[in-house]
Amino acid sequence: MDNNVWMEILEYARWSASPHNVQPWKIEVVSATEANILYDPIRLLPVEDPTGCFTTAGFGMFIENLSVAAHSKGFKIEEKYTETILDHTKKELTPFAKIKLVKTDDKEIFDRELITERRTSRLPYNGKPVTDDVIRELVKIAMEFGHTFTFSKDMRMINWVLTLNRDTIFYDMNDAESRNEIGLWLRYSAEDAHKKNDGLWAHCMNFPGALMYLFFHTRWLFNFPIINSFVKYLYLQSTSGTRTVAWLSGPFNTPYDWLNAGHMLARLWLCMTKHHVYLHPFGSIITNKKSHKRLREKFNVEEKTNKIWLIVRLGYSKLPPRSLRLSVADILV
Ligand SMILES: Cc1cc2nc3c(=O)[nH]c(=O)nc-3n(C[C@H](O)[C@H](O)[C@H](O)COP(=O)(O)O)c2cc1C
């Protein structure tokens, strides 16, 4: 056995989702069955994700996708964490986990092609709620990981969530630190997006690049009430047709909780992809303090034991644009 299995499964896992598409992972292949996962500190989000919870969950998703991809070669991935605290002050690539390809006879229910088919859809949805059989599968997957998947098809709740998500974008933009950090990951043009192969490309954000540029660089313009209301209206229109929102709750306090949640989110998203359901996570509702407070007040939940750690809209849309990725060669060290 040579290193080809690593190359083959990385070709799948590099399509994993990460907050702001930062793709913080690097891989050092040690042998045909062993590799080290490292993180690149300049790809962390110290302002938007100060505890690293979402980026750590991204690593959980990445490892889960490696494992799903490895199953068709008769392997699964076993991981051992070197360091679970992502430290943005580090100056160099930093070890995160040791992973191993281990022989397995277990059947994997997800076809690995789903990993590359999966996409975030920020497009309008088609006005149909997600079917009950799909919801049942999602509830079951979440339960297997010790989490609860709660959904709502009630229009009042849907409108409340969509409005909160829209407001969050304005809250983030009015905060200089958040704005500066998000700005580092925005790709306004196709040329910029294809040069860097990471970050949030305007095309995928379903936002005209020029408008996105103005939004970030001329804040004063958007304080004029007419312009402000118009952009808010435009943004809300982009999420029209949503008939299902959902939230995930469960243990989300320690790095191991975040990794477990990431493994689960990878499988939930593959399950949705299998059923042609698209997802639009609203992670910034959780990371933005003002929005999170509004969420806590609305749901009246006990945060210590049963945190709502992700809120999403899900449904059926046209094929969303493909967000770009670093190549396997870029990921390898
Ligand atoms: C934990 C987490 C939180 C996210 N939060 C948001 C969000 O608040 N808003 C958003 O538009 N996308 C969000 N995303 C989606 C990512 O931006 C997206 O996965 C990434 O840009 C790659 O695009 P893709 O999923 O289409 O491959 C989130 C993703 C993850 C994993």
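Overview of values
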{"read-out": "Portion, in percent, of the accessible area of the chain that falls on carbon or sulfur, probe 1.4 Å", "value": "56"}
{"read-out": "Cross-link partners of Lys26 among lysines (Cα-Cα below 27 Å; sequence separation of 8 or more within a chain)", "value": "Lys73, Lys76, Lys80, Lys90, Lys91, Lys98, Lys100, Lys103, Lys195, Lys196"}
{"read-out": "Per-selection Rg to Rh, the chain - Cα, Kirkwood hydrodynamic radius", "value": "0.95"}
{"read-out": "Ile42 - accessible surface, heavy atoms, 1.4 Å probe, Å² rounded to 10", "value": "140"}
{"read-out": "Heavy-atom accessible area order for Lys307, Lys103, largest first, 1.4 Å probe", "value": "Lys103, Lys307"}
{"read-out": "Tyr278, Tyr256, Tyr213, reordered so the largest accessible area comes first (probe 1.4 Å)", "value": "Tyr256, Tyr213, Tyr278"}
{"read-out": "Cβ-derived FRET efficiency at R0 56 Å, Asp105 paired with Ser189, nearest 0.05", "value": "0.70"}
{"read-out": "Gaussian network model of the chain, springs between alpha carbon atoms under 10 Å - residue of Asn36, Asn126, Asn197 with greatest fluctuation", "value": "Asn126"}
{"read-out": "Candidate lysines for bridging to Lys293, where Cα separation is under 27 Å - those fewer than 8 sequence places away on the same chain excluded", "value": "Lys153, Lys232, Lys304, Lys307"}
{"read-out": "Probe 1.4 Å, accessible area per residue of segment 146-228, Å²", "value": "51"}
{"read-out": "Rg followed by Dmax, in Å, when segment 10-136 is reduced to its Cα trace", "value": "16.4, 50"}
{"read-out": "Computed over segment 214-312: relative contact order in percent, which uses C-alpha pairs under 8 Å that are six or more apart", "value": "39"}
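The values are calculated or read from the model by the stated rules, or taken from the named source; none is laboratory data. Quick caveat, the model's predicted, so the values are computed rather than measured. Using ideal geometry, Cβ is built from the backbone for each residue, glycine included, and neighbour counts are taken over all protein chains shown. Accessible surface areas use protein heavy atoms only, side chains included; no ligands, DNA or RNA. Shrake-Rupley method; radii C 1.70, N 1.55, O 1.52, S 1.80 Å.
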